[in-house]
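J.: Quick one: the structure is below, and I'll ask about it shortly.
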Amino acid sequence: PYYFSDDNCSSQILELIEVAEPRAQLTNHFHDFVIPLDTVKVLNQEGLLSKEQVRTSLQTEWRTRYGNLNLSQRSALKEVLQNKAADSDKYAQLPKKKKAEALEAAMSYLAIKEYRDHKEYKSEKYDLAVARARLGSLTDPVEIVLPKSPLLSPPTTAFYLGYGQIDEVDFYQFKFRRGFHDLLSDDSGLAPFSQLNFFSFDLRYHPTLQNWDLYEFVLLSILSTSPWTQLEKPMTWMIDIGTSPKFLPYVNGGIGTSFDLPLAQATRWSWLAVSKNTDLTEIAKPYLGVETLFMTKWTEHFRSVIKADYLYSTNEGRSLGIGGLAMAYDHGKIEYRLEAERRDTENRWMLSVVF
């Protein structure tokens, strides 16, 4: 996720372009937050982009090559990089073409490592390149699926209109999200399977009770997921700060792991150990437990999230189970959502339109 809300590189780029093109009032489009995706969109709106050009990142190439390897190749890859030479036992057992694919993935990983470590690995790359050359021409160029243009993604500021029920009690939802995206949002041009929300107001009207309620205010909600591989073990983490009904403040947090799975266009499974403080007006006695997320991109326009929590209340001394399914389909700049959840013995569902 993108952490800086003001006076960051995105806003500074716009200011520099205004110096070169004074007629372009780029910074006037933003008064508080701006992220790189917004920068690109406003440049396009002002006619300052001539064309789009996709350049594959080192990370994308590495993850694509790694994802194409089978388990035997991945084990061999790890040994090759540890030994800094193509002479491991597991590597020797691979067929010739599988060896070539493993070596190409190893060289791709070293390119990532050079960038991260600010250090060159010339001898290691040379040895791997020589070993790969000895195998001959066996592999095709790696196929990397071009991402959807970020210019086609919906605005980072969104309005929600919805209808739903909580234990058969009707409500209408009127929600405003200042920025930037949640798990169901189209993440074109953003970190995949992530969430970064600023200043979200969820206002609800209950016709049966004839009252309005600020159901939830989100000050900040971040979920950052990166998949584990045999070579990398990045941390998945989340933090939520806001208020629930009756203005009860909460702070939730968690850390865990994530794995990419070969399902549909892209699928990521995340597991987190969480602490959920639902009412900080009292002495903090949080719910402690486990949260799992199964996030899938079925098509370019259709996404789903399955969520399951098992929590233990340190205040009440009892367990709580939460299960949910959410689906989103976008058409143009409009998104349609269906969300259902069972919280302990309480059923909830909602249909909403996001624009």
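J.: Which of the residues belonging to segment 150-182 are surrounded by 18 or more Cβ atoms within 10 Å (Cβ to Cβ) and in a loop (DSSP other than H, G, I, E, B)?
T.: Across segment 150-182, the qualifying residues are SER153, THR156, ASP182.
J.: Next question. Here is a list: LEU223, LEU196. Which entry is under 21 Å from PRO286 (Cβ atoms) and either in contact with a Ser or Thr (Cβ under 9 Å, 6 or more places away or on another chain) or not assigned by TED's automatic domain parsing to the domain that holds ASN277 (or both)?
T.: On inspection, the qualifying residue turns out to be LEU223.
J.: Taking LEU49, is it surrounded by fewer than 16 Cβ atoms within 10 Å (Cβ to Cβ), outside the structural domain of PRO192 (by TED's automatic domain parsing) and in contact with a helix residue (DSSP H, G or I) (Cβ under 6 Å, 6 or more places away or on another chain)?
T.: For LEU49, the condition - surrounded by fewer than 16 Cβ atoms within 10 Å (Cβ to Cβ), outside the structural domain of PRO192 (by TED's automatic domain parsing) and in contact with a helix residue (DSSP H, G or I) (Cβ under 6 Å, 6 or more places away or on another chain) - is met.
J.: Looking at segment 276-293, can you tell me whether even one residue there is within 30 Å of LEU152 (Cβ to Cβ) and touching an Asp or Glu at 6+ places or on another chain (Cβ under 9 Å)?
T.: Among the residues of segment 276-293, not one is within 30 Å of LEU152 (Cβ to Cβ) and touching an Asp or Glu at 6+ places or on another chain (Cβ under 9 Å), which makes the answer no.
J.: Just wondering, is there one or more residues in segment 71-93 that are touching a residue at least 24 places away in the same chain (Cβ under 8 Å), touching a strand residue (DSSP E or B) at 6+ places or on another chain (Cβ under 9 Å) and crowded, with 19+ Cβ neighbours inside 10 Å?
T.: No - not one qualifying residue is present in segment 71-93.
J.: Out of all the residues in segment 115-172, which are among the hydroxyl-bearing types (Ser, Thr, Tyr) and over 24 Å from the mean Cα position of the chain (by Cα)?
T.: Across segment 115-172, the qualifying residues are TYR121, SER123, TYR126, SER137, THR139, TYR163, TYR172.
J.: Next up: Could you tell me how many of the residues in segment 183-211 are outside any strand (DSSP E or B) and either β-branched (Val, Ile, Thr) or closer than 25 Å to SER226 by Cα (or both)?
T.: Total meeting the criteria: 13.
J.: Can I ask one more? Could you tell me which of the residues LEU272, LEU311, LEU263, LEU231 is crowded, with 16+ Cβ neighbours inside 10 Å, part of a loop (DSSP other than H, G, I, E, B), not β-branched (Val, Ile, Thr) and not assigned by TED's automatic domain parsing to the domain that holds LEU77?
T.: When all the criteria are applied, what remains is LEU231.
J.: Test PHE33 against the criterion of being modelled with pLDDT under 80, of a type in the set (A, V, I, L, M, F, W, C) and surrounded by 16 or more Cβ atoms within 10 Å (Cβ to Cβ), and give yes or no.
T.: When the stated conditions are applied, PHE33 passes them.
J.: Tally up the residues in segment 184-196 that are in contact with a strand residue (DSSP E or B) (Cβ under 7 Å, 6 or more places away or on another chain) and surrounded by 20 or more Cβ atoms within 10 Å (Cβ to Cβ), please.
T.: 8
J.: Also, quick follow-up: Would segment 293-306 turn up any residue that is among the aromatic types (Phe, Trp, Tyr), at pLDDT below 95 and assigned to a strand (DSSP E or B)?
T.: no
J.: For segment 295-318: of the residues being in contact (Cβ under 8 Å) with a residue 24 or more places away in the chain and among the hydroxyl-bearing types (Ser, Thr, Tyr), which is farthest from GLN265 (Cα to Cα)?
T.: Restricting to residues being in contact (Cβ under 8 Å) with a residue 24 or more places away in the chain and among the hydroxyl-bearing types (Ser, Thr, Tyr), the top hit is THR314.
The values are calculated or read from the model by the stated rules, or taken from the named source; none is laboratory data. This structure is a prediction, so every number in the text was calculated from the model and none was measured. With ideal geometry, Cβ positions are generated from the backbone for all residues, glycine too; neighbour counts draw on all protein chains shown.
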